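Below is one structure; the comments refer to it alone.
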Amino acid sequence: MGVPRRRATKKSAASVKKPARKKRDGATRKRGRADEPVVTVRRIHRRDLNRVWEFLKLSFAKVNLQTVEYQRPRSMKRFMRTYDEEGVEQLVFEVDGAIVAYAECAHEVIGKDNWINENYFERRKMEPLFVEELAVHPDWNGRGVGSFVMQQLEHLAKVRGLSHIVLEVAENNEHALQWYRKRGFRKLDSAIFLAMSVDTEPELLPPQPVKPPTLTPSGELAADDDTAGSTEG
């Protein structure tokens, strides 16, 4: 699925929570208690592309085994192009320098390859922030990382005067659907893949037992009516 393209300003975005103690890769690093991990957010840099791609493959591996449509960019080349295309804000979330989440979003519908029907939102006087990707590392599920990602997306929508956050979730991704519903997301519309079972027959017959050879009283092989001779085409 595609979204509007608007080049993200490649500058650092400060994380929230308590005063900064030091900076890393332009992102403000903050700490609470000494034993408490803190998640920070910043805009993506070109040097992050390979790491983020590997992160996405890991995060969506199980989901993609269950869905018809890929829930992440279909190829590394396509993902790499996104960085230079206009229309996408790419955010990297880290804990101690390790990527724990990633989000991609845009607020305009531009380009031919997208999944958005602009008229749907215009008729309803909705001004959405479209979320193309939202991924949390499997090891960090249930630790508040996803909630922080959503807070950041809500903040972007508010400061830009947008009225909704819109994203797409596979119908059978029950965990994600429940997570979004708890945060106030409601179903707008659906494009459901349908399939009908068909009774089929294999092209090739299954293995069959071979009869034992039949011998004549003299001990020679008896002629058999179903003996097939060699043929030439």
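The values are calculated or read from the model by the stated rules, or taken from the named source; none is laboratory data. Every value quoted in this text rests on a predicted model; they were computed, and no experiment measured them. A quick note on method: Cβ atoms are made from the backbone with ideal geometry, for glycine too, and the neighbour counts reach across all protein chains shown.
Computed values, structure above
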| item | result |
| --- | --- |
| Residues of the stretch 73-121 that turn out to be at positive phi and modelled with pLDDT of 80 or more, as a count | 2 |
| Cβ pairs under 7 Å, 6+ apart, first in the stretch 151-170 and more than 18 Å from residue 182 (Cβ to Cβ) and among the aromatic types (Phe, Trp, Tyr), second modelled with pLDDT under 90 and part of a helix (DSSP H, G or I) | none |
| Residues being surrounded by 10 or more Cβ atoms within 10 Å (Cβ to Cβ), part of a loop (DSSP other than H, G, I, E, B) and modelled with pLDDT under 85 - total across the stretch 169-192 | 6 |
| Test: residue 39 is surrounded by fewer than 20 Cβ atoms within 10 Å (Cβ to Cβ), closer than 28 Å to residue 160 by Cα, of a type in the set (Val, Ile, Thr) and modelled with pLDDT of 90 or more | no |
